[in-house]
Amino acid sequence: MAQKIAVIDYGMGNLRSVSKAIEHVADDAEVRTTDDPKYIAAADRVVFPGQGAARDCMAAIGEHHLNQAILAAAASKPFLGICMGLQVLMRHSEENGGTGLLGLFDGEVKRFDGLAMGDNGLPLKIPHMGWSPVHQQVAHPLWGGIADESRFYFVHSYRVVPEDVSVIAATTDYGVRFTSAIARDNLFATQFHPEKSADTGLQLLHNFVNWSI
């Protein structure tokens, strides 16, 4: 029986490109963008993409009644968070004067301002947008076939700061070294966009689709 892969749709995120990229590497899998908690619960794998502001994201998750579905999936099956789908797993964001998040990981989401400085001593442009090398901090099945320091595509103004450094799966430099991926048990989440990262990103998605936990 073909596996079911749910791409969570809470009204925010680049869902079409994520879904198409996963379909490209997932052979006969059923890939569905959905806000149905029952389908998410029944899926074999779950992808949690997102973009935009943290407060708007949390409001949209609540409006779609997806809080518990996301937390349950993140605790029980292969789960991939992308961009905002990484950030909202933290406890708190300093965006908008302070926003409570899902709290799956102890940690903060902080803006780059004042930290991202170039070699010339001038501030780097925020948001961080474009291709940057990703330094793999730990061995992980999702890094299979991907060389260390491979470049992935980023678009973000905020970075996650997890309290438990053991969950950091990768870091990237943008004036300051920041966490660009985390991993724990069945969960992997990236600040970069694998669906926009050409063959390297497709390799990561292929690894996710075939990840046995």
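Throughout, read-outs are computed from the coordinates displayed, never taken from laboratory work. Just so you know, these numbers come straight off a predicted model, no measurement behind them. Glycine also receives a Cβ, built like all others from the backbone with ideal geometry; neighbour counts cover every protein chain displayed.
Taking the Cα centre of segment 1-106 as origin, work out the dipole magnitude from +1 charges on Lys and Arg Cβ and -1 charges on Asp and Glu Cβ, in debye rounded to 20.
Details: 9 positive and 13 negative charges, 20 e Å.
Magnitude of the dipole: close to 100 debye.
The magnitude of the dipole of segment 116-213, with charges of +1 and -1 set on the Cβ of Lys/Arg and Asp/Glu and taken from the Cα centre, is near 220 debye. Put simply, when 123-130, 198-205, 177-184 are sorted by average Cβ atoms within 10 angstrom per residue, most first, you get 177-184, 198-205, 123-130. A cut-off of 5 Å between modelled amide H atoms, ignoring neighbours fewer than 5 places along the same chain, links I82 with F48, G50, T190. Backbone phi angles across segment 45-53, fed through the Karplus curve with coefficients 6.51, -1.76 and 1.60 (θ = phi - 60°), yield HN-Hα couplings of 9, 9, 10, 10, x, x, 7, x, 8 Hz in residue order; Gly and Pro are listed as x. Classification of segment 158-207 by its C-alpha gyration tensor yields an oblate form. The axis ratio a/c (a ≥ b ≥ c) is 1.5 or more, and b/c is at least a/b.
Pair-distance distribution P(r) for segment 30-161, from all Cα-Cα distances in 10 Å bins starting at 0: 11, 36, 36, 15, 2, 0 percent.
Rounded if a/c is under 1.5, else prolate if a/b beats b/c, else oblate: with a ≥ b ≥ c from the C-alpha gyration tensor eigenvalues square-rooted, which is segment 92-194?
Working: a/c = 2.02, a/b = 1.11, b/c = 1.82.
Taking the square roots of the gyration eigenvalues as a ≥ b ≥ c, segment 92-194 is oblate.
Cut-off 13 Å, label point 7 angstrom out along Cα-to-Cβ of Q3: give me the residues of segment 36-54 whose amide nitrogen falls inside. Residues 43-47 qualify, since their backbone N sits under 13 Å from the label point.
Seen against the Cα atoms of the chain and their longest principal axis, helix 198-209 is set at about 50 degrees. Compared with the dominant principal axis of the Cα atoms in the chain, helix 67-76 is inclined by about 80°.
Find the eigenvalues of the gyration tensor of the Cα atoms of segment 1-101, then list the square roots of 5 times those eigenvalues as equivalent ellipsoid semi-axes, largest first, in whole angstrom. Provide the component values of the computation, followed by the final result.
Values: eigenvalues 115, 38, 24 Å².
For segment 1-101, the ellipsoid semi-axes come out as 24, 14, 11 Å.
Between T33 and S157, the simple spin-label model (points 7 angstrom out along Cα→Cβ) gives 2.4 nm. Straight Cα distances below 18 angstrom link K4 to the lysines K20, K38, K77, with same-chain residues fewer than 8 positions distant left out.
Computed from point charges on the beta carbon alone (+1 for Lys and Arg, -1 for Asp and Glu), the dipole magnitude for segment 157-213 about its Cα centre is near 100 Debye. Taking Cα atoms only, the orientation of helix 15-25 departs from the longest principal axis of the chain by about 70 degrees. For A53 and V176, the difference between the fully extended length at 0.36 nm per residue and the C-alpha to C-alpha distance is 42.1 nm.
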